[in-house]
Amino acid sequence: MDYIIGIDAGTSNVKAVLFNLDGAEVLVESLENEPIYIGDNLVEQNMNTLWEKVVLCLQKLLKNGPATADEIKGIGVTGQGEGCWLIDAAGEPVQNALLWCDGRASDEVAKVTEEHPELGELIYQTTGTPALTGTQLMLLKWMKNNRQDILDRASTSFFCKDWVRYKLTGKIHGDLTDTGTSLVNAKTGEVAEALLKKLDLEAYISYIPELVTSDTIVGMVSPEIADTLGLNSHTPVIAGAIDVIAAAVGIGAVEDKNICVILGTTCANEIFKKKEDCHFGEPGTRYEKHAVGDLYVNLLATMNGTPNIDWALENIATTKDFKEIDRLINEVPAGCGGVLFHPYISAAGERAPFYNPFAKANFFGIGAGTTRATLLRAVYEGVTMSIKDCLQDADRDSKIFIAGGGAKSSVWAQMISDVTGMEVVVSSGNEFGAKGAAMMLGVATGIYDNYEDAAKKSCKFERSYKPIAEHVKVYDALYELYKEIRISNEKLWYKRADLLKQLNPKSL
């Protein structure tokens, strides 16, 4: 029997997954990742530690799984997107990676959006993505302003999955889905050299690797790594894609007007469009390249999705049994009697569908009768309201494909349908990022004719949910209040940040 390996180097976990050619997960090996949190808004990653975890997962997969080296047809890679992963000419990291959720570049973002808005507009119009703290463009600018000596020691600027692929093959490449988040002219598909020059980053244009499509075979597993892992040295490896795009492929969202929501560390809300239907730089949009043909994605990925749930389970709930949590919140009426939660719990504030580096979570409407169960449901509803907030550009007649850890909850899936007023479809499986990467490998090697064929053969759906009319009415009314409160809080979040900076400069 033949198999494909998909690697997913996420923010929270590193995974290696063995798939058969029907898309079934045969074996999953996973290790907890170790992001380094510094203060309130700095997040880094030891690049060598991450690679060591990838190696351990692959070794266990080959040791514990049924596949022989000859049966492995290739490796697809994906990983957390954005951030800044710098290596020198010898292929060694020059520092810890700066992650997508890092907020240190807030001053750089402020300068191009507030002090020099014409630069902010140029970034948005060129790349399709506004200036945001975790993008590589803004982190490179921060490095230039604050660590130029370290930046100058580097020779290549990677993204997470590029680092993993480089360690597997020894080959240096970039792909359009990851690099397209902030360094590529969305209209031409080429490196945005004019933009980089305008931002005084001309000296670092050469750091951007040769760009290829996600399903390009860029090399074979090197003999040394093959020996370490127990693979054949001629095992092909593709360029791969950013995690949110890989996961979309993995759940079968590969056609125009598809919508998918990935309920993970970030809630990645994705609306798929043909290039000619995209309006790059239009307010409320953030366009990135899909792995499929000429499709683009209006990607509105919140800073934090399920971490809000994790916080609530740790600090509000008296149990961490998700079945019991589902039972508790299902007993609370839709709308929680007017208790609202804004899910901006990230160290770096929020970026979708609005940008505020100092946004913070809050409850609204708590009364003497508010219970733990009410607060728990309010957190779930708050995250779901943020999904609705991000999908204002969606075709209401489309279905929402959902995936990620949160998709296991039937209560939450129904809630998403009720809050958005759209049908929700849950895909079978769990490791959709790794699966999407594996499907790309299958397309690259001819196992599948194209992405539609790959989705037809590999993607299955286990259940669907339609909106409950009375719940839709409640949520439509509360959403207006939810949005009004978060707009009202914009100035207050900045005021809070200024106060904290005065009281304790290290608190931000």
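Figures for the structure shown
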| quantity | calculated |
| --- | --- |
| Residue pairs meeting the criteria (Cβ under 7 Å; at least 6 apart or on separate chains; first in contact (Cβ under 8 Å) with a residue 24 or more places away in the chain, in the stretch 11-25; second surrounded by 24 or more Cβ atoms within 10 Å (Cβ to Cβ) and among the aromatic types (Phe, Trp, Tyr)) | Glu25/Phe19 |
| Every residue from the stretch 102-130 that is free of Cβ contacts under 8 Å to residues at least 40 places away in the same chain, within 19 Å of Ala359 (Cα to Cα) and not in a helix (DSSP H, G or I) | Ala105 |
| Residues (open to solvent by 10 Å² or more (accessible area, probe 1.4 Å), assigned to a loop (DSSP other than H, G, I, E, B), in contact (Cβ under 8 Å) with a residue 12 or more places away in the chain and more than 28 Å from Trp412 (Cα to Cα)) located in the stretch 240-280 | Cys278, Phe280 |
| Number of positions in the stretch 181-192 that are open to solvent by 10 Å² or more (accessible area, probe 1.4 Å) and part of a loop (DSSP other than H, G, I, E, B) | 3 |
| Strands (runs of 3 or more DSSP E) wholly inside the stretch 33-83 containing at least 1 residues that are open to solvent by 50 Å² or more (accessible area, probe 1.4 Å) | 36-38, 72-79 |
| Failed condition for Asp102, given (1) charged (D, E, K, R); (2) surrounded by fewer than 24 Cβ atoms within 10 Å (Cβ to Cβ); (3) more than 22 Å from Gly250 (Cα to Cα) | (2) |
| Hits in the stretch 157-168 (condition: open to solvent by less than 10 Å² (accessible area, probe 1.4 Å) and either in a strand (DSSP E or B) or over 14 Å from Ile208 (Cα atoms) (or both)) | Ser157, Phe158, Lys161, Val164, Arg165, Leu168 |
| Scan of the stretch 439-475 for residues that are under 30 Å from Tyr380 (Cα atoms), open to solvent by 70 Å² or more (accessible area, probe 1.4 Å) and of a type in the set (D, E, K, R), ordered by number | Lys460, Glu462, Lys466, Glu470, Lys473 |
| Selected residue (criterion: most open to solvent (accessible area, probe 1.4 Å)) from residues of the stretch 350-383 that are within 18 Å of Asp498 (Cα to Cα) and among the aromatic types (Phe, Trp, Tyr) | Tyr355 |
| Filter result for Thr319 (more than 25 Å from Val14 (Cα to Cα) and either out of contact with any helix residue (DSSP H, G or I) (no Cβ under 7 Å at 6 or more places or on another chain) or part of a loop (DSSP other than H, G, I, E, B) (or both)) | yes |
| Close pairs from the stretch 133-152: first open to solvent by 10 Å² or more (accessible area, probe 1.4 Å), partner small (Gly, Ala, Ser) and outside any helix (DSSP H, G or I), Cβ under 6 Å, at least 6 apart | Trp142/Ala105 |
| Residue check, Thr319 hydroxyl-bearing (Ser, Thr, Tyr) and either touching a residue at least 12 places away in the same chain (Cβ under 8 Å) or crowded, with 24+ Cβ neighbours inside 10 Å (or both) | no |
| Every residue from the stretch 287-312 that is of a type outside the set (A, V, I, L, M, F, W, C) and open to solvent by less than 10 Å² (accessible area, probe 1.4 Å) | Tyr287, Glu288, His290, Asn298, Thr302, Gly305, Asn308 |
| Condition broken by Gly65, with the remaining ones in (1) at pLDDT below 95; (2) in contact with a Gly (Cβ under 8 Å, 6 or more places away or on another chain) satisfied | (2) |
| Check on Gly421, buried (at least 21 other Cβ atoms within 10 Å of the Cβ), of a type outside the set (Lys, Arg) and on the phi > 0 side of the Ramachandran plot | no |
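The values are calculated or read from the model by the stated rules, or taken from the named source; none is laboratory data. Everything numeric in this text was worked out from a predicted model, so none of it was measured. Here the Cβ is made from the backbone with ideal geometry for all residues, glycine too, and neighbour counts use every protein chain on show. Just the protein is used for accessible areas: all its heavy atoms, side chains included, with ligands, DNA and RNA removed. Shrake-Rupley method; radii C 1.70, N 1.55, O 1.52, S 1.80 Å.
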